[in-house]
4 protein chains.
Amino acid sequence: MSVHQHPAGHRLVPSIASDPPRPLRIAVIGYGYWGPNLVRNVIERPELELAALCERDEARAAAFTQRVPGVPVFADVDEVLDDPQIDAVLVATPPRTHHPLAQAALRAGKHVLVEKPLAKTAAEASDLIALADSRGLVLMPGHTFLYSPPVNKVRDLIRQGSLGDIYFVTSSRMNLGKYQSDGVICDLAPHDLSILLYLLEQPVAQVSASARSVFQEHIPEVAFLTLTFADGVTACIQISWLAPRKVREMVIVGSQRMVQYDDTASDESVRVFDRGMEFKEPANFGEHQLSYRSGDIVIPRVDAAEPLALELQDFAHAINTGATPRSHAQLGYEVVDVIEAAEESLRRHGQPVMLAGAPARVAA
Amino acid sequence: MSVHQHPAGHRLVPSIASDPPRPLRIAVIGYGYWGPNLVRNVIERPELELAALCERDEARAAAFTQRVPGVPVFADVDEVLDDPQIDAVLVATPPRTHHPLAQAALRAGKHVLVEKPLAKTAAEASDLIALADSRGLVLMPGHTFLYSPPVNKVRDLIRQGSLGDIYFVTSSRMNLGKYQSDGVICDLAPHDLSILLYLLEQPVAQVSASARSVFQEHIPEVAFLTLTFADGVTACIQISWLAPRKVREMVIVGSQRMVQYDDTASDESVRVFDRGMEFKEPANFGEHQLSYRSGDIVIPRVDAAEPLALELQDFAHAINTGATPRSHAQLGYEVVDVIEAAEESLRRHGQPVMLAGAPARVAA
Amino acid sequence: MSVHQHPAGHRLVPSIASDPPRPLRIAVIGYGYWGPNLVRNVIERPELELAALCERDEARAAAFTQRVPGVPVFADVDEVLDDPQIDAVLVATPPRTHHPLAQAALRAGKHVLVEKPLAKTAAEASDLIALADSRGLVLMPGHTFLYSPPVNKVRDLIRQGSLGDIYFVTSSRMNLGKYQSDGVICDLAPHDLSILLYLLEQPVAQVSASARSVFQEHIPEVAFLTLTFADGVTACIQISWLAPRKVREMVIVGSQRMVQYDDTASDESVRVFDRGMEFKEPANFGEHQLSYRSGDIVIPRVDAAEPLALELQDFAHAINTGATPRSHAQLGYEVVDVIEAAEESLRRHGQPVMLAGAPARVAA
Amino acid sequence: MSVHQHPAGHRLVPSIASDPPRPLRIAVIGYGYWGPNLVRNVIERPELELAALCERDEARAAAFTQRVPGVPVFADVDEVLDDPQIDAVLVATPPRTHHPLAQAALRAGKHVLVEKPLAKTAAEASDLIALADSRGLVLMPGHTFLYSPPVNKVRDLIRQGSLGDIYFVTSSRMNLGKYQSDGVICDLAPHDLSILLYLLEQPVAQVSASARSVFQEHIPEVAFLTLTFADGVTACIQISWLAPRKVREMVIVGSQRMVQYDDTASDESVRVFDRGMEFKEPANFGEHQLSYRSGDIVIPRVDAAEPLALELQDFAHAINTGATPRSHAQLGYEVVDVIEAAEESLRRHGQPVMLAGAPARVAA
């Protein structure tokens, strides 16, 4: 299966008929911003069992213990990795630690789910993929939005051909966000990029980046990325930590329809505009003719489901069956590759950077 | 007065105390998409008198005559320019004709209002400015949005310091639009650029462009521009003719507040978010501290007024008093300069293009 | 044809194939708030010709003459009614003058379109209907909303059975409105009532009213009406001149779907919620079971058309062909009858008032 | 303190300086729809300790035990009431059981918080109040909305005089709701009524009700109430279980401003319209003059806080200090009184029913 042909057939559903006899024993590494969500979902999923937490910060460790009294907490990750009872680890630590922690876990024979981004560089990501492949272990980046019901509704529409040919995409992700020393591109762009790669099913060919660092040099809080995909789709991504209004909106314009996906509009997150423009070749030497088609707007019903629950279910399914998870490592690699290229464009003052294409670079 | 210090003092109001004894005699050139709006407003303004229309297309000329029976229509522009009774012309023809028509009109001693963009190239725009200056005539580009009440409400907020330091701007202008052979950048970007130059009062230092031409090569229907202004503000402009939903939204994020200007939200076009993020230098070797401030959202009352009526009033005022109109020729020059640079960036596959700065280029 | 079986077959379209050889000669009576709209539309419709205006107020008469120079203005209505060249009159004067003016016009052999409400009392309305019938003249109340595209979209949905059984309706019509000595019920409720009678196609059986008069006794500025229709549908109408936000919203809840019609939401005026509740009889001695069905929201495309233009076209069509106009006199009678009953309820401090049913009262 | 002078001085804040040495020991009675929310909040509040659950349904009891392993569950309420360690009970059972359970608990010397409505009849409510008074126990109805931050924002605006004189109120509360044999008035109207009594601080003088029972006779699923308050404010309440779109909106129109409170609009729940209408007495024999004032719309920041947490804090505060809780028993009585009157109006086919006024009826 090629990188860009995602498995469409298997549907994730909250419970699976023939569960494995024993739940997978899971250790969560990191109990900061995202860790508590992982912990809650591991506890609630029948195919998983929370076996340990690894957290060096004492206050966080105490908060965990108060909440989940029976589960041991370790300050040293090696204690967890050395435990043969642990089947898999979930890594929810800062991006710069993803590669060393995932590497150590894979070497210790554990399956690994790493929070996005998979690593800080494409080389690191490639190294992890090779390692997981050689050991026959699951390595999965935590691109949670791939499990979001509205994202999958949009994907269904695209796959069914409802949109026609995709012309362009805009994506805005803004809020008053947590400041992180990795910068806003590394923090927020993985969401937009993973969704776009998942929806468009083609690699990014070129990226340019423009950004502004208000508070500290080289740590941008706002960035604009423009991307060209392999088949010509052009996209513009706007991300920022400085915007007083929360925005999470993606617009995908095709020849037949346009879809607007607003992640903040709880009950009406997806809107399909059944309108378009048709271009007719001139009959003879005349002017080109454009005609407009106008139609209904449909707000399809989207199931309510917690994406993280489905992500963990998919992780367990991949471990138990050997299936490729929806949020697979190649996609995680490509996200990192584009981010690395965007940061290179930024260093070159907005110069566009070509991407060699994920498979080629991996091969190299 | 420098280019970027716009006259703030004089306020445009629908009627002026001491009107000149005789209305200015106006000829409208072109009765296509925009011409009928000019005609209606010239008729309604007391300081103007519609003296002639120039239109070669017979069907359009007939439509005009049916609507305004008493006013003569000429197919040849020279007949209008040779008429010593005509004080000024309003040019509402395709962009490539702006330079020759405005040039001829200025040489014939007429004041000129040209629809946006002022010309196709900065050199042409510069030529018109020099010509108007040497003859002591008013040359005014029709940047109608500078007379829009919500735009001026936003400008007032910025000038009063309500937003604090401006960090970044996003602007989206999309619809299912009329296809024009000049491409979407030349068609739509003058609106965003004129508004940004008017609001930010600083020149553009760098621009990159990315676009897609779906129907015909080299005629883009969607484009993304990223701009850096002289004082560091970064901006992203998204324009398209292919979007089934009409969008006209600008977001301006400052250190103190954020403003959202949605030109399609009739009664609630301006929203001010009184929220922000404060960055505190670490006391000693510690981490940087960010604090968040949250407050009200205010939707200020914005007067209802037709921008084109105010624009024509300003044109008459400039002719009668010698005052610089709000939509002045230097601003029109800068808009053309940025568009030319954006098109150059497009030819170079997104390479950023530096701008020399309007005054320098004019001086050269 | 019964009162509540409106002609569904004939569709109003902007132009009709076989127009009559001569346009109908129309006199407009009253050039206040609504008259100018009538004048503009009469001028623009090919099947009508504006022959005269009747207006006593000199300033209004002068404003008309400036706008439409060639058409005579009369202060005395008899001069218009005595003119045998006049085919029909459009009455746009205050409600209390509707009966005497329409009566005089019918007696003079003119077809009559009267602005809503048809008259101040059911007896007056009944008198006008009898008079028009006896003379073979068209008498039509100006219930413009019956020609509104979104209202007809809702009607189509109901007629197609999309909503299932109608359970209840709410309608709110509020703004900062023009104060009128007839009170808010007489001013605004005809809109809601005409729409409801048109949509539900059944008479009102009972009405209660509650209101408040803030500025002057017995002239309410806010009122709440609760209605029970003949087949059990219950409705609540909220009307006010005192609300700072303009509201024009109707919600119609049926067993299969709900429709929300918001007249202020230009492009999205109709929303269909494909959700419902199903009630299942208990199998045996058990509890009743309710199940919920959730589905899409659809915002159907609604044509843009000016309702008043279609209303005047329908008036001409009724005169020329003898067809019953969509806004027919019986419906106008029923509106007046409900308003009279609501005002009676108000005098009785909210006591519900039964309606005998339109046909019976007409017969009496 | 009169019934309608609520204590404005004391502010509820999440933590109180001098907490009592021992948490109050609480038993929750009923673990159906609302019980789990009570349980979660009791566990989280430091001034409360969850001592027991009373629940006859085995499945529910088991669900509780799985969630809160250490706390005993009793099927028989007497076991709880006989336990001298229990300080207070929270009653979350169907409305018809409120009186007997609260009565038994008060007789057993327990403080009581009863879910809304306080009882099924005013007589029952009055009986409970007398009993609590005679024993010196706290009896508090669970009108949770009185602790909702947006409701209190609206109340602050009214108390500060921002709205001027209140003219009228509309309230809509609709959804696809749980069917209950007590009918929609008993189920939903306590929310609207408690909020209105809290905001307007005056008793209801008259109520009429109109309703429809679609599925079962005498169990309405939709109802419209019109109320007149003692000082003339008129209100219209629309409630339904049959509406496919969730609506929770209240509009309060005053002489100076209008407030719209939309409980479903998370970040923008309160909107203040600074617009109004002024009525000027005619100078001499002339017509009345109305002038309109238009201004900004403000969406004030509203704190995020869980109303139920604040309600339980207030309950504990009342027990510990003897202070009257914000959701006090007299207000609960009035709510029941209005509901009883509305149901009487319904039986009389919409006849308005006068209310004697809470204090008088209590005295009787």
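Computed quantities for the displayed model
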read-out	value
Residue-averaged beta-carbon neighbours from other chains (10 angstrom radius) around D:343-354	3
Charge dipole magnitude, Cβ of K and R +1, D and E -1 - the stretch D:16-115, Cα centre, debye nearest 20	200
Peptide ranges C:306-319, D:327-340 listed from the most packed, as the mean C-beta count within 10 angstrom indicates	D:327-340, C:306-319
Residue-count net charge about residue B:265 - beta-carbon cut-off 10 Å; Lys, Arg +1, Asp, Glu -1	-3
Probe 1.4 Å, all protein chains present, accessible-area order of B:302, C:251, largest first	B:302, C:251
Label geometry 7 Å along the beta-carbon vector: residue D:267 inter-copy distances in nm	1.9, 2.2, 2.3
Positive-end extreme of charge dipole, chain D - chosen from D:161, D:32, D:140 (charges on Cβ)	D:161
Cβ nearest the rotation axis (B onto D), residue from chain B and distance to the nearest whole Å	B:298, 3
Residue-averaged beta-carbon neighbours from other chains (10 angstrom radius) around C:207-215	6
Three-way shape call for the stretch C:184-233 based on the alpha-carbon gyration tensor, with the a/c threshold at 1.5	prolate
Cα Rg, Dmax, chain D, angstrom units	21.5, 80
Residues of the stretch D:170-198 buried by at least 30 Å² on assembly (accessible area, 1.4 Å probe, chain alone as reference)	D:170, D:176, D:179
Residue with peak Gaussian network fluctuation, chain D [Cα springs, cutoff 10 Å], from D:136, D:35, D:109	D:136
Estimated dipole of chain C in Debye, rounded to 20 [Cβ of Lys and Arg +1, of Asp and Glu -1, Cα centre]	380
Computed Rg/Rh of the stretch D:241-344, alpha carbon atoms with Kirkwood Rh	1.13
Cα lying deepest toward the dipole's positive end in the stretch A:159-223, options A:196, A:219, A:208, charges on Cβ	A:196
Rounded to whole Hz, the Karplus (6.51, -1.76, 1.60) HN-Hα couplings of the stretch A:210-227, x for glycine and proline	9, 7, 9, 10, 7, 8, 9, 4, 6, 10, x, 9, 9, 8, 10, 10, 10, 10
Dipole of the stretch B:288-329 [Lys/Arg +1, Asp/Glu -1 at C-beta], most positive-end residue of B:328, B:308, B:291	B:291
Cα-based shape type of the stretch D:159-203, given that a ≥ b ≥ c are square roots of the gyration tensor eigenvalues and the cut on a/c is 1.5	prolate
Copies compared at residue C:202 - label distances in nm, ascending, label defined 7 Å from Cα in the Cβ direction	3.8, 5.6, 6.8
Inter-chain shielding of D:255-267 (mean C-beta neighbours from other protein chains, 10 Å cut-off)	2
Helical segments meeting 18 Å axial Cα length and Kyte-Doolittle 1.0 threshold in chain C (DSSP H)	C:183-200
Mean shadow area of the protein assembly as shown over all directions, Cα convex hull, nm²	61.3
Distances in nm from residue C:37 to the matching label points in the other copies, shortest first (labels 7 Å along Cα to Cβ)	2.5, 4.5, 5.1
Residue A:277 long-range amide H proximity, modeled H, under 5 Å	A:293
Electrostatic dipole magnitude of the protein assembly as shown [Cβ: Lys, Arg +1; Asp, Glu -1; Cα centre; debye, to 20]	0
Tensor-based shape of the stretch D:196-289 (alpha-carbon gyration tensor, a/c under 1.5 rounded, otherwise prolate or oblate)	prolate
Net charge contributed by nearby residues that have their C-beta within less than 13 Å of residue B:242 (K/R +1, D/E -1)	+4
Euclidean distance of C-alpha centroids, the stretch C:53-84 and the stretch B:155-209, integer Å	51
Net charge contributed by nearby residues that have their C-beta within less than 14 Å of residue C:306 (K/R +1, D/E -1)	-3
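The values are calculated or read from the model by the stated rules, or taken from the named source; none is laboratory data. Fair warning: this is a prediction, and the values are worked out from it, not measured in the lab. Methodologically, a virtual Cβ is constructed for each residue, glycine included, from the backbone with ideal geometry; neighbour enumeration extends over all protein chains shown. Accessible surface areas use protein heavy atoms only, side chains included; no ligands, DNA or RNA. Shrake-Rupley method; radii C 1.70, N 1.55, O 1.52, S 1.80 Å.
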